[in-house]
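The values are calculated or read from the model by the stated rules, or taken from the named source; none is laboratory data. These numbers come from a predicted model, not from an experiment. Ideal geometry is used to build each Cβ from the backbone, glycine not excepted, and the neighbour counts take in all protein chains shown.
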């Protein structure tokens, strides 16, 4: 698996973070791990798409330079405890009106109920943002450099799971037609299959 911010973050989560989410939500570690492993690339894919526009890149740069500068990574387990840092606003910015569709896809692929999937995503989203913010800070990136970094992370996710990320793109581009909704279960399963390797 290619080195990436997401891969590094997943390794940190395996060191107790997954268990903390499980304890908070009353799920088992396998359930949480399956959702997290698919949710983080989905988030990165959405951030990468958003970074492709000037307004999206500027918004991401501002968020990473401010609230999400990476301090949360100093204690990943503590940051996840009780869901105190969960941030649904990040999901709204990342996925827009398609948030429920993404959550439905991950629920269908993992067998975890949609409400829990949404909570897990809200818990890990600040960690993904924090990891990007830390990279931005340590590399001294400006807005355009930050956008390029995020898009590179999106390409890594695309290379690791081209079919899954293509389906995610289709969902995010869709106007809500039935054909796309029929693909949600396939998307969830494909994301899980690709990133659990």
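When the residues of the range 60-83 are narrowed to those that are out of contact with any helix residue (DSSP H, G or I) (no Cβ under 7 Å at 6 or more places or on another chain) and at pLDDT 85 or above, which ends up nearest to residue 172 (Cα to Cα)?
62
Does residue 145 count as out of contact with any helix residue (DSSP H, G or I) (no Cβ under 6 Å at 6 or more places or on another chain) and closer than 25 Å to residue 19 by Cα? Full working, then the answer.
Values: out of contact with any helix residue (DSSP H, G or I) (no Cβ under 6 Å at 6 or more places or on another chain): yes; closer than 25 Å to residue 19 by Cα: no.
When the stated conditions are applied, residue 145 does not pass them.
Residues of the range 132-156 being under 30 Å from residue 78 (Cβ atoms), surrounded by 18 or more Cβ atoms within 10 Å (Cβ to Cβ) and more than 11 Å from the chain's Cα centre (by Cα), which ones?
Those that are under 30 Å from residue 78 (Cβ atoms), surrounded by 18 or more Cβ atoms within 10 Å (Cβ to Cβ) and more than 11 Å from the chain's Cα centre (by Cα): 132, 133, 134, 135, 136, 141, 146, 149, 150, 153, 156.
Residues being in contact (Cβ under 8 Å) with a residue 60 or more places away in the chain and under 16 Å from the mean Cα position of the chain (by Cα): count how many of those fall in the range 109-131. Break it down stepwise before answering.
Start the filter on the range 109-131 by keeping residues that are in contact (Cβ under 8 Å) with a residue 60 or more places away in the chain, which leaves 109-112, 116-117, 119-121, 123-125, 127-131.
Checking the rest, the ones that are also under 16 Å from the mean Cα position of the chain (by Cα) come to 109-110, 116-117, 119-121, 123-125, 127-131.
Matching residues across the range 109-131 total 15.
Filter the range 61-79 down to the residues that are assigned to a helix (DSSP H, G or I) and touching a residue at least 40 places away in the same chain (Cβ under 8 Å) and list them by number.
Listed by number, the residues that qualify are 61, 63, 64, 65, 71, 72, 73, 76, 77, 79.
Has the range 35-54 got at least one residue that is on the phi > 0 side of the Ramachandran plot and under 17 Å from the mean Cα position of the chain (by Cα)?
Taking every residue of the range 35-54 in turn, none turns out to be on the phi > 0 side of the Ramachandran plot and under 17 Å from the mean Cα position of the chain (by Cα).
For the range 20-32, what are the residues that are surrounded by fewer than 24 Cβ atoms within 10 Å (Cβ to Cβ), in contact (Cβ under 8 Å) with a residue 24 or more places away in the chain and part of a helix (DSSP H, G or I)?
20, 24, 25, 31
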